[in-house]
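The values are calculated or read from the model by the stated rules, or taken from the named source; none is laboratory data. None of these values were measured; they are calculated from a predicted model. Backbone-built Cβ (ideal geometry, glycine too); neighbour counts: all protein chains shown.
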Amino acid sequence: MTDELCEFELERIYDAPRDLVYKVWTDPRYVRLWWGIDASTIGRCELDVREGGAWRIDMRTQSGVVYPNGGVFTEVIENERLVYTNIADPSSPAWVAEPPPGPLVHTVRFEDHADGKTKVSMVTRASSAGDLSHLLRRGFAAGLSQGLERLAGLLETLRQPMRERERGST
């Protein structure tokens, strides 16, 4: 089996500097505002962003189902790269109808882009092609895209005061 059969990749360009995008990706105060699918809420949001540090995010859907997510950061290069595992809790009621996929590994790269923007590349590697197929059937790609769109909106909100200051100084 080739790696490509087990991987899913998304890229986004954000109109914000790399250090701000990284901060909003790694600070629980901000993560709870954008992470997850539309119309979901984040209850528990704990991030120990360091190599070997644990993370836990509990997403509650509109129907009330809680999806506990967690794992460990295996690589942290501030403002450049995060690698972390994601292990679904099989005891969660979210997985009653079918078992969760095996462990995932997410690799997120933050790169400078033209005009002060930031390119974010996220590769999710599943344990098997079957697990990736299972995730995609359950709406993983759409859900991840929804969260990344909310991240764009949050960055726009955070950047607004900075832009106003920049306009006032010219």
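Observations on the model:
- Any hit, the stretch 137-155, residues being under 14 Å from the mean Cα position of the chain (by Cα) and in a strand (DSSP E or B): no
- Test: residue in the stretch 52-63 that is touching a Cys at 6+ places or on another chain (Cβ under 7 Å) and surrounded by 14 or more Cβ atoms within 10 Å (Cβ to Cβ): yes
- Here ALA88 meets each of (1) assigned to a loop (DSSP other than H, G, I, E, B); (2) of a type outside the set (Asp, Glu); (3) in contact with an Asp or Glu (Cβ under 8 Å, 6 or more places away or on another chain) with one exception, condition (3).
- Among residues of the stretch 34-51 being charged (D, E, K, R) and exposed (fewer than 15 other Cβ atoms within 10 Å of the Cβ), the one that is farthest from TYR22 (Cα to Cα) is ASP38.
- Filter pass, THR26 being more than 22 Å from ARG137 (Cβ to Cβ), crowded, with 18+ Cβ neighbours inside 10 Å and of a type outside the set (A, V, I, L, M, F, W, C): yes
- Every condition in (1) touching a helix residue (DSSP H, G or I) at 6+ places or on another chain (Cβ under 6 Å); (2) closer than 15 Å to THR26 by Cβ; (3) in a strand (DSSP E or B) holds for HIS106 except the one numbered (1).
- Checking each residue in the stretch 64-89 for being touching a residue at least 12 places away in the same chain (Cβ under 8 Å), loosely packed, with under 15 Cβ neighbours inside 10 Å and among the hydrophobic types (A, V, I, L, M, F, W, C) picks out only VAL65.
- Scanning the stretch 112-170 for residues that are of a type in the set (Val, Ile, Thr) and either over 24 Å from LEU5 (Cα atoms) or modelled with pLDDT under 95 (or both) yields a total of 3.
- Pairs where the first residue, in the stretch 34-55, is more than 24 Å from SER145 (Cβ to Cβ) and the second is part of a loop (DSSP other than H, G, I, E, B) and modelled with pLDDT of 95 or more, C-beta under 9 Å, 6+ apart: ALA54/ASP48
- Under the condition of being in a strand (DSSP E or B) and either surrounded by fewer than 17 Cβ atoms within 10 Å (Cβ to Cβ) or not basic (Lys, Arg) (or both), the residues counted in the stretch 118-134 number 7.
- Single condition VAL31 does not satisfy, out of (1) buried (at least 18 other Cβ atoms within 10 Å of the Cβ); (2) without any contact (Cβ under 8 Å) to a residue 40 or more places away in the chain; (3) more than 15 Å from the chain's Cα centre (by Cα): (3)
- Residue that is modelled with the lowest pLDDT [pool: residues in the stretch 90-111 that are over 13 Å from the mean Cα position of the chain (by Cα) and buried (at least 17 other Cβ atoms within 10 Å of the Cβ)]: ALA94
- Unique match (being touching a helix residue (DSSP H, G or I) at 6+ places or on another chain (Cβ under 6 Å), closer than 15 Å to MET122 by Cα and at pLDDT 95 or above) among TRP25, TRP35: TRP35
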